[in-house]
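Before any comments, here is the structure.
The values are calculated or read from the model by the stated rules, or taken from the named source; none is laboratory data. None of the values given here were measured: they were computed from a predicted structure. Backbone-built Cβ (ideal geometry, glycine too); neighbour counts: all protein chains shown. The accessibility values were calculated without ligands, DNA or RNA, using every heavy atom of the protein model including side chains. Shrake-Rupley method; radii C 1.70, N 1.55, O 1.52, S 1.80 Å.
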Amino acid sequence: MAATFFGEVVKAPCRAGTEDQEEEEDERRETAEDREVRRQLARKREVRLFRRQTKTSLEVSLLEKYPCSKFIIAIGNNAVAFLSSFVMNSGVWEEVGCAKLWNEWCRTTDTVHLSPTDAFCVFYHLKSNPSVLLCQCSCYVAEDQQYQWLDKVFGSCPRRNMQVTVLTCRHVTDYKTAESTSSLHSPFLKALKTENFKEPPCCSLLEQPNIVHDLPAAVLSYCQVWKIPAILYLCYTDVMKLDLITVGAFKPVLSSRSLKGLVKNIPQSTEILKKLMTTNEIQSNIYT
């Protein structure tokens, strides 16, 4: 209610009601063609899991088809390069699935021969121990696709007798601290774990009020809800592109229970990492 200059009381217009009416009018004005475009866009943004070798879709969730005791997830170029050089180099890994997704920032590739410049999300298991599963995700998973990704990978009723390890990076300017950011020596590692993760982390825990974002946050929240032991290792760096020093910042994680025993030759892995960096620089120069 409101009073005018002359003193009479009038009802003030309600903007909320106007907005609701405008939305209803927009829906009424939407044509069949508009609805079809909306359906096609939603279909295009669906997350699908399939086998690249056979081009067949997975009918059940990945972890339902391939149960595991250890699930290691690398998200982002530097985390992916770390697993490629130090973990996948130390054993024979077989591809068991690939996520196909499309959004404003990402178009995953269908090629079997991946390069560091490609966007991909591929899953492998260790042939000598299939209960060890690994995910390399160099692509961006949009907010509206994260639940789909979790459902396709973990399923609606996941097993609790597994341990999840997530590796990813954020820019050092996202790190909140009372200290001056100029005194921070990046890259540095922080950890965030679920309540059921009982092992000591390989670095100090992430302090409040810092938060995590995107797919790593979705995975950790999912594991917290389902009481799955999980830990996120978050590398804060000032170089978000593929960087030798940033990749090396993940090395303390090699002593963790999840990765211990998977890495057999660290000097050889370091050389493979350097070759990977060289290949990436050559490919980047082609397109710049």
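Full-extension gain between E30 and T56, please, as 0.36 nm times their residue separation minus the C-alpha to C-alpha distance.
5.8 nm
Rank these by accessible area, largest first, 1.4 Å probe: W149, W105, W93, W226.
Result of the area sort, largest leading: W105, W226, W93, W149.
What is the list of residues in region 57-98 whose amide nitrogen lies under 19 Å from a point 7 angstrom out from the Cα of V239, following Cα to Cβ?
75-86
So if R0 is 30 Å, what FRET efficiency would S255 and C157 give, r being the distance between their Cβ atoms, rounded to the nearest 0.05?
0.40
Accessible surface of L134 in the full protein assembly, 1.4 angstrom probe, to the nearest 10 Å²?
0
Distance cut-off 27 Å, Cα to Cα: go down the list K176/K241; K44/K176; K44/K152; K100/K260; K152/K264 and report the pairs above it.
Details: K176/K241 22 Å; K44/K176 37 Å; K44/K152 16 Å; K100/K260 30 Å; K152/K264 32 Å.
Pairs exceeding the cut-off: K44/K176; K100/K260; K152/K264.
Once you sort the root eigenvalues of the Cα gyration tensor of region 47-284 as a ≥ b ≥ c, which label holds: rounded (a/c under 1.5), prolate (a/b larger than b/c) or oblate (the other case)?
Numbers: a/c = 1.36, a/b = 1.17, b/c = 1.16.
Taking the square roots of the gyration eigenvalues as a ≥ b ≥ c, region 47-284 is rounded.
What FRET efficiency do you get for Y147 and S183 if R0 is 35 Å and r is their Cβ-Cβ distance, rounded to the nearest 0.05?
Working from the Cβ atoms, E equals 0.35.
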